[in-house]
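Visitor: Let me give you the structure first, and then I'll get to my questions.
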């Protein structure tokens, strides 16, 4: 049995996998000021698995893991082994490994589809375009919660609030207005971006959401697909492609 680990800017996701099935996803939040919690979580799992695959977007964590943990068990995702999934116009060197792994994932989960739009809502929000099964380009936006926390920290007249789902288009006070923008406003921005991509490329895209804040955008509508474990499934497919 193997372990897939997805390390983002503020959290770690992990799940064991055999063949192409992954177990229940475990989430661990961490701070860049203290990596000990993250390192402990990885270290305690090393003896349980044949191989541990890591997809990480945090270079400083990668250096610490390579220095302090077993190199024989741990395997970092190598982007260069996946260059066939990237269109020749794209700068592979600057393409985030998590976004590339998501391309691998959707191609194997949905083999009958060739065109995708992947929206990953985490610390940052990314929209990625896959055409003819290859990564074609994307956009990076301030994350849903990140942007609002930054606004609250910079605006002296806005106090900290507890974020929650709200369907109101407008608010009657500062808190209500913030929650309207947090829910309805951000959702409309993402939907407009999807419509713009479809109108430009004039293709039938399968739209897939992933990431911790996707539920704020999707709410109860079922027009789009949500895959919590999209990146972890991609890591499992990477194992099969490279073993």
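FYI, it's all coordinate maths here, none of it is from the lab. None of these values were measured; they are calculated from a predicted model. Here the Cβ positions follow ideal geometry from the backbone for every residue, glycine too, while neighbour counts run over all protein chains shown.
Visitor: So what does log10 I(q)/I(0) come out to for the chain at q = 0.14 Å⁻¹, using the Debye formula with one equal point on every Cα and no solvent?
Guide: -0.97
Visitor: Still on this model: For a quick protection proxy, order the peptides 129-138, 81-90 by their average other-Cβ count within 10 Å, most packed first.
Guide: 129-138, 81-90
Visitor: May I ask you to sort 213, 224, 186 by Cβ crowding, counting other Cβ atoms within 10 Å and putting the fewest first?
Guide: 224, 213, 186
Visitor: Using only Cα atoms and rounding to the nearest 10 degrees, what angle (0 to 90) does helix 230-242 make with the longest principal axis of the chain?
Guide: With both axes taken from Cα atoms, the answer is about 20 degrees.
Visitor: Oh, and also: Give the separation of the Cα centroids, the stretch 8-64 to the stretch 104-135, in Å.
Guide: If we compute the Cα centre of each part, the gap is 22 Å.
Visitor: For 110, 17, which order do you get if you count the other beta carbons within 10 Å of each Cβ and list the fewest first?
Guide: Final ranking by Cβ density, sparse to dense: 110, 17.
Visitor: Evaluate E = 1/(1 + (r/R0)^6) for residue 240 and residue 37, where r is the Cβ-Cβ distance and R0 equals 41 Å; express this FRET efficiency to the nearest 0.05.
Guide: With a Förster radius of 41 Å, E is 0.85.
Visitor: How much length is gained if the chain between residue 158 and residue 193 is pulled fully straight, taking 0.36 nm per residue apart and subtracting their Cα-Cα distance, in nm to one decimal?
Guide: 9.8 nm
Visitor: Let's test the formula: R0 of 30 Å, r as the Cβ-Cβ distance of residue 204 and residue 63. What FRET efficiency results, to the nearest 0.05?
Guide: E between residue 204 and residue 63, to the nearest 0.05, is 0.10.
Visitor: Note the angle between two axes, namely the Cα long axis of helix 59-68 and the longest principal axis of the Cα atoms of the chain, as a number of degrees from 0 to 90, rounded to the nearest 10.
Guide: 30
Visitor: Mind checking the angle between helix 186-201 and the chain's longest principal axis? C-alpha axes, 0 to 90 degrees, to the nearest 10.
Guide: Result, in degrees: 70.
Visitor: Now for a separate question. Which FRET efficiency value, to the nearest 0.05, is calculated for residue 89 and residue 113 with the Förster distance at 35 angstrom and r the Cβ-Cβ distance?
Guide: Rounded to the nearest 0.05, the efficiency is 0.95.
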